[in-house]
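Shown next, in structure tokens, is the structure this report addresses.
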Amino acid sequence: MSLSRAANRCVRRFSLIEHHTSFGAKMPFQNLLAKLRQPPAAAPTELPYPRPELAVAALLIEAAQVDGKIPEAESAVIRHLVHEHFHLPQAETEQLLRIAEGEFSAALDDWVFTQTVRESFDASERQTVLEMMWQVVYADGSLVRFEDALLNRSAHALGLSPQEADTARERAYARYCDGRDEGAA
């Protein structure tokens, strides 16, 4: 059988399959194309917290879980940082963190969070966010290479210079050491 006859037979079979699907359903590829051609869905309903606050909380959660676990020490630091930084009551802090965890889980990448922080805060505030992230990863007393890599990448994504990033890391480490010394006294 020639190539053209085989191709025609294949096309006819595909057409028959397409027309005989149950309930007029389209083939999966056609469904995908139809969805891609549709206008984007409406924006999600308003969240109870501003996007920048959710973005910061999500970045703190990411910093905590990047090594595969979230020790209680890191969770406690996240709660404390969010509570103090945003001046929220404890119940609202917990709600913000639950929502941020859901947002983080639904995101494919942290770009949406770093971009929100970058657009919403000046360089000094972005440096503070990075410092908070460093405080989270130092909280359990160990620094793994995944944490280090994430925070170095985050510093770049937040638009911080290497000097600003180093300053944020040094301040976070100093706070960690101060807290450790106070705990030993």
Out of the residues in the range 130-153 that are out of contact with any helix residue (DSSP H, G or I) (no Cβ under 6 Å at 6 or more places or on another chain) and polar (S, T, N, Q), which is nearest to Pro52 (Cα to Cα)?
Asn152
Matching residues, the range 109-147, being among the aliphatic types (A, V, I, L, M) and under 18 Å from Gln163 (Cβ atoms)
Ala123, Val129, Leu130, Met133
Selection from the range 38-87 of residues that are of a type in the set (Val, Ile, Thr) and either modelled with pLDDT of 95 or more or surrounded by 14 or more Cβ atoms within 10 Å (Cβ to Cβ) (or both):
Val56, Ile61, Val66, Ile70, Val77, Ile78, Val82
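Let's see how each residue does on (1) modelled with pLDDT of 95 or more; (2) surrounded by 11 or more Cβ atoms within 10 Å (Cβ to Cβ); (3) touching a Cys at 6+ places or on another chain (Cβ under 9 Å):
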site	(1), (2), (3)
Ala139	no, yes, no
Val144	no, yes, no
Leu158	yes, yes, no
Ala165	yes, yes, no
Ala168	yes, yes, no
Arg175	no, yes, no
Arg180	no, yes, no
Ala185	no, no, no
Residues that are out of contact with any strand residue (DSSP E or B) (no Cβ under 7 Å at 6 or more places or on another chain), outside any helix (DSSP H, G or I), under 12 Å from Ala64 (Cα atoms) and not hydroxyl-bearing (Ser, Thr, Tyr): does the range 143-166 have at least one?
yes
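The values are calculated or read from the model by the stated rules, or taken from the named source; none is laboratory data. Just so it is clear, the model here is predicted, and its values are computed rather than measured. Backbone-built Cβ (ideal geometry, glycine too); neighbour counts: all protein chains shown.
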